[in-house]
Amino acid sequence: MASFRVNGNLITTDSEKNLLAFLRDDLKIKSAKDGCSEGACGTCSVLVDGVSRRACTLPVRKLDGKDVLTVEGFSAYEKEVYAYCFSMAGAVQCGFCIPGMVVSAKALLDRNREPDPYEIRKAIAGNICRCTGYKKIIQAIGLAAMFFRENLPVPADLTEGRIARDVFRIDAVSKILGTGEYTDDIDIEGMVYASAVRSRYPRAVVEDIDISNAKRHPDVIAVITAKDVPGSNKSGHIVRDWDTLIAKGDTTRYVGDSIALVVSRRKETLEEIKGLVEVKYTPLAPLTSPAMSLAPGAPRLHEGGNVLREDRVRRGEDVKKVFARSKHVVRHVYRTPFTEHAFMEPECAVCKNDGGELTLYTASQSIFDEQREISHILGLPREKIHVISKLVGGGFGGKEDMSVQHHAALASYLTGRTVKVKLSRQESINVHPKRHAMEIEMTTACDEEGRLTAMRARITSDTGAYASLGGPVIQRACTHAAGPYKYDSIDIQGRAVYTNNPPGGAFRGFGVTQSCFAIECNLNELAKRAGISPFEIRYKNAVDPGSVLPGGQVADQAVAYKECLLALKDVYDSGPFTGIAGALKNTGLGVGVPDVGRCIASVEGGKAHIRTGAARIGQGLDTVALQIACETLSLSPDWIVVEAPDTLRTPDSGTTTASRQTLFTGEAVRRACLQIREKLDAGEALSGLEGKEFYGEYACVTDPIDTDKEHPFSHATYTYGAQVVVLDEKGFVKEVFAVYDVGQVINKKSTEGQVEGGIVMGLGYALTENYPLEGGVPKARYATLGLWRAPDVPEMDVRFVCTDYKLDTAYGAKGIGEIASIPTAPAVAGAYYKLDGIFRTELPLKDTAYRKKVQTAD
């Protein structure tokens with residue numbers, strides 16, 4: 001028996017739970033989040049006798065006589081200060097880590113009202129943020145210190161809400177104070193729990209599935225196998241090749257494959273029941289690399305063979321002829337690894353069953369994709385499946401595929417119960433798709449003056465066990481492999497190959513992160529051979545308005561890549577150990593794929609409701625929609641309501657991917673609001689439009705990748721950017737400078753935060769992050785992924801440039817989400833090349849201050 005206080009209330013209990021489970025399940029205190037359950041991420045931080053502790057590792061029985069404080073127990077003034085300061089600094093994106101950050105901040109500020117930045121970094125060293133890059137969190141804590149030190153009143157937010165203003169994110173306060181609801185925060189009377197039995201082997205024949213012992217467990221409600229799936233057992237985001245459950249007699253393709261789905265009255269007994277499901281396997285040798293899958297006689301992992309997709313992009317004459325007459329030719333083979341998204345919120349879904357009509361609460365990148373795929377699996381009309389998005393604790397592409405949603409829906413449909421399915425952090429690491437590992441043979445040539453003449457790339461992508469987004473990813477790797485530069489001829493070929501590794505899927509950068517590393521590193525050596533600087537070779541060959549892009553598209557007038565480079569020239573030239581790299585990234589799906597943004601603006605209760613199904617995964621789209629609505633309607637934010645994605649209320653605005661939502665959904669919002677504005681300009685009052693709806697849509701028609709057009713229109717537009725990485729003499733990253741052309745910046749602090757987070761993610765990709773596999777089996781834990789923490793991050797300087805020309809969509813805005821992290825790894829590699837003269841071709845970079853060479857015995 002333990003007696004202790006939680007937020008001032010005396011609690012006496014004999015619970016054997018850890019503190020996090022006790023807070024969330026028994027006391028319904030939800031600000032403490034379950035990010036990893038292993039004490040590594042800090043999302044569950046609470047104060048115990050004034051010290052920041054990890055609730056997931058504290059047994060309740062050891063808290064006797066202690067005082068526990070969560071954000072819910074802060075004073076009213078403290079809540080106001082933290083809400084204001086974190087909002088003002090732009091320190092909130094997905095928000096899942098923020099209550100834990102605030103708790104650690106309070107632990108510091110209660111004892112030190114004048115902390116310096118180093119002390120703030122140290123105080124939050126145990127709290128990981130995957131979105132922000134920490135800079136704005138550090139600024140927010142410093143600002144809060146000033147408020148507490150000087151006992152300042154908290155000012156009201158009186159923003160006009162227009163574009164190009166630093167408008168407070170409309171979801172910030174609820175995320176800061178822990179009142180915003182993520183899917184795992186949902187508690188519904190009578191809710192039960194489900195979890196999948198996963199394959200023990202990457203590749204094995206499932207000879208038998210014996211569920212008899214599991215069904216005798218007193219807590220069991222159902223044990224579901226493939227034969228119980230009422231519709232199609234195959235699903236997939238684009239290609240339907242992924243088994244909902246592996247059937248008896250079928251062959252597993254990776255260790256994440258689900259064999260059976262267990263439903264229990266209590267989540268505490270799920271693992272026990274799963275252990276009673278007896279699966280008999282005949283293990284087979286896994287194919288753990290594209291080379292193995294492509295070898296003659298290799299077993300076929302899918303009916304169509306082991307190659308998911310091949311693409312080719314060619315322009316100009318035969319590159320071999322151009323290479324032969326070029327002055328300098330550089331060829332290297334680059335290798336990039338699988339990497340884990342490590343979004344802060346593990347996957348979770350809750351599904352209710354009301355007489356066969358399902359309501360799914362989820363946290364994904366497209367509620368309409370979930371509706372479509374679940375409809376296919378259950379054999380139900382789509383209108384029978386109502387999907388509502390809760391707050392999403394990060395995605396970065398990793399929540400585009402089905403993970404728990406289909407299992408929650410299947411279990412709910414078959415049992416008639418409300419079912420929650422949540423992945424443990426380790427299960428998430430093992431199961432969901434990763435950034436594709438790639439091998440890239442890159443050849444680049446130039447003339448005597450360093451003018452690029454031709455490039456050739458051969459890209460092989462490990463797409464793992466299932467297609468996921470592997471087809472579009474290899475396309476983007478190919479279409480962007482030449483970078484934002486002008487050539488006479490290009491020849492790029494790519495193929496995505498199935499293996500028995502975890503699937504490769506969408507990840508921030510979407511294939512361009514990999515191919516950018518190759519082309520930008522090649523440019524560094526090419527510059528050296530031509531006797532010019534890495535800056536000069538980039539600037540000399542940079543695309544500008546009217547240039548023909550490598551894929552043949554004519555660049556629009558809103559291209560400011562040269563301006564990005566020029567803004568970095570002085571800082572690049574000023575340091576001895578600096579590296580520079582640039583990139584372009586498409587906005588929108590492009591290449592002939594239907595791409596539509598949609599919005600309904602309705603007047604309800606005297607306010608304009610902005611309704612769009614576009615997912616908000618931390619990028620701040622709801623605030624962008626608010627600002628565009630305010631700008632178009634000339635109304636303050638008090639008159640605007642931005643609704644959460646809901647398949648009954650909000651129209652399908654496509655997946656949150658391809659850096660598309662600001663432009664596509666933003667333009668749809670503008671068009672819908674323009675119709676209201678016309679009414680207002682004609683003298684009607686907003687109240688006079690009560691009950692009316694106004695529909696806005698923006699579609700961009702593009703040419704497919706295999707078109708015969710000389711100058712295809714491949715994408716709506718492109719974003720451009722460049723980074724300079726500065727190393728100290730020991731090889732640690734000292735500073736990163738980034739300049740981006742994103743067109744019209746809607747919200748500067750939010751856009752800066754996207755870039756800062758992208759930089760830190762890119763530094764991890766370059767230097768520390770990895771996803772080790774042994775025989776197709778993941779060996780990573782959350783604590784060993786190599787994620788950067790607050791004390792690790794360098795100083796960052798982010799700026800934006802643009803041309804005088806503005807696109808006529810979304811007030812001239814482009815996208816920023818993906819390109820933010822693309823140039824970082826090659827910029828780091830370039831800096832190391834100047835530091836030690838070693839030309840590195842593999843990520844994460846070897847023999848650096850971050851990854852010392854392993855000494856082996858003779």
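What are the residues in the range 676-706 that are within 18 Å of residue 640 (Cα to Cα), free of Cβ contacts under 8 Å to residues at least 60 places away in the same chain and not charged (D, E, K, R), if any?
Once the filter is applied, which keeps residues that are within 18 Å of residue 640 (Cα to Cα), free of Cβ contacts under 8 Å to residues at least 60 places away in the same chain and not charged (D, E, K, R), the range 676-706 yields 680, 685, 688.
Of the numbered conditions (1) touching a residue at least 60 places away in the same chain (Cβ under 8 Å); (2) in a loop (DSSP other than H, G, I, E, B); (3) out of contact with any His (no Cβ under 9 Å at 6 or more places or on another chain); (4) more than 29 Å from residue 560 (Cα to Cα), residue 673 fails exactly one; give the number of that condition.
(2)
Could you please find all residues in the range 585-610 being open to solvent by 10 Å² or more (accessible area, probe 1.4 Å) and either of a type outside the set (Gly, Ala, Ser) or modelled with pLDDT under 95 (or both)? It would help to see each step written out before you state the result.
Of the range 585-610, the ones open to solvent by 10 Å² or more (accessible area, probe 1.4 Å) are 589, 591-594, 596, 598, 600, 604-607, 609.
Scanning the range 585-610 gives 589, 591, 593, 594, 596, 598, 600, 604, 607, 609.
Confirm whether residue 570 is of a type in the set (Asp, Glu), closer than 30 Å to residue 838 by Cβ and open to solvent by 10 Å² or more (accessible area, probe 1.4 Å). Explain how you work it out, then say what you get.
Details: of a type in the set (Asp, Glu): yes; closer than 30 Å to residue 838 by Cβ: yes; open to solvent by 10 Å² or more (accessible area, probe 1.4 Å): yes.
Considered against the rule, which asks whether it is of a type in the set (Asp, Glu), closer than 30 Å to residue 838 by Cβ and open to solvent by 10 Å² or more (accessible area, probe 1.4 Å), residue 570 comes out as yes.
Hey, can you tell me all the residues within the range 625-646 that are under 13 Å from residue 160 (Cα atoms) and assigned to a helix (DSSP H, G or I)?
Taking the range 625-646 and keeping what is under 13 Å from residue 160 (Cα atoms), we get 626-640.
Correct list: 626, 627, 628, 629, 630, 631, 632, 633, 637, 638, 639.
Regarding the range 464-487, can at least one residue be identified that is of a type in the set (Lys, Arg), under 30 Å from residue 293 (Cα atoms) and either surrounded by fewer than 24 Cβ atoms within 10 Å (Cβ to Cβ) or in contact (Cβ under 8 Å) with a residue 12 or more places away in the chain (or both)? Let's see the steps before the verdict.
Here is the first cut: in the range 464-487, the ones of a type in the set (Lys, Arg) are 476, 486.
Right, trim to under 30 Å from residue 293 (Cα atoms) and you get 476.
From what is left, the residues that are either surrounded by fewer than 24 Cβ atoms within 10 Å (Cβ to Cβ) or in contact (Cβ under 8 Å) with a residue 12 or more places away in the chain (or both) are 476.
Yes - at least one qualifying residue is present in the range 464-487.
Since residue 649 meets every condition but one in (1) free of Cβ contacts under 8 Å to residues at least 60 places away in the same chain; (2) of a type in the set (D, E, K, R); (3) part of a helix (DSSP H, G or I), which condition does it not meet?
Going through the list (1) free of Cβ contacts under 8 Å to residues at least 60 places away in the same chain; (2) of a type in the set (D, E, K, R); (3) part of a helix (DSSP H, G or I), residue 649 breaks only (3).
Here are some residues: 199, 195. Which one is over 22 Å from residue 362 (Cα atoms) and either small (Gly, Ala, Ser) or open to solvent by less than 20 Å² (accessible area, probe 1.4 Å) (or both)? Talk me through it step by step, then tell me what you get.
Values: 195 fails: over 22 Å from residue 362 (Cα atoms).
Unique residue meeting the criteria: 199.
Quick one: which of 493, 557, 514 is open to solvent by 40 Å² or more (accessible area, probe 1.4 Å), more than 19 Å from residue 713 (Cα to Cα) and of a type in the set (S, T, N, Q)? Walk me through it before giving the result.
Values: 557 fails: more than 19 Å from residue 713 (Cα to Cα); 514 fails: open to solvent by 40 Å² or more (accessible area, probe 1.4 Å).
On inspection, the qualifying residue turns out to be 493.
Out of 144, 140, report the one residue that is under 26 Å from the mean Cα position of the chain (by Cα), modelled with pLDDT of 95 or more, buried (at least 22 other Cβ atoms within 10 Å of the Cβ) and not in a loop (DSSP other than H, G, I, E, B). Can you show your working first?
Values: 144 fails: under 26 Å from the mean Cα position of the chain (by Cα).
Going through 144, 140 in turn, the sole match is 140.
When residues of the range 154-183 are filtered for being of a type in the set (D, E, K, R), over 20 Å from residue 102 (Cα atoms) and modelled with pLDDT of 95 or more, how many remain?
1
Looking at (1) open to solvent by less than 10 Å² (accessible area, probe 1.4 Å); (2) touching a residue at least 60 places away in the same chain (Cβ under 8 Å); (3) in contact with a Gly (Cβ under 8 Å, 6 or more places away or on another chain), which is the only condition residue 662 fails?
(1)
How many residues are open to solvent by less than 70 Å² (accessible area, probe 1.4 Å) and outside any loop (DSSP other than H, G, I, E, B) when one looks only at the range 284-315? Before the answer, list the steps.
Kept after step one, since they are open to solvent by less than 70 Å² (accessible area, probe 1.4 Å), are these residues of the range 284-315: 284, 286-290, 293-295, 298-299, 301-302, 305-308, 311, 313, 315.
Now restrict to residues that are outside any loop (DSSP other than H, G, I, E, B): 290, 293-294, 307-308, 311, 313, 315.
Adding up the residues that qualify gives 8.
The values are calculated or read from the model by the stated rules, or taken from the named source; none is laboratory data. These figures come from a predicted structure and were not determined experimentally. With ideal geometry, Cβ positions are generated from the backbone for all residues, glycine too; neighbour counts draw on all protein chains shown. All accessible areas refer to the heavy atoms of the entire protein, side chains included, with ligands and DNA or RNA removed. Shrake-Rupley method; radii C 1.70, N 1.55, O 1.52, S 1.80 Å.
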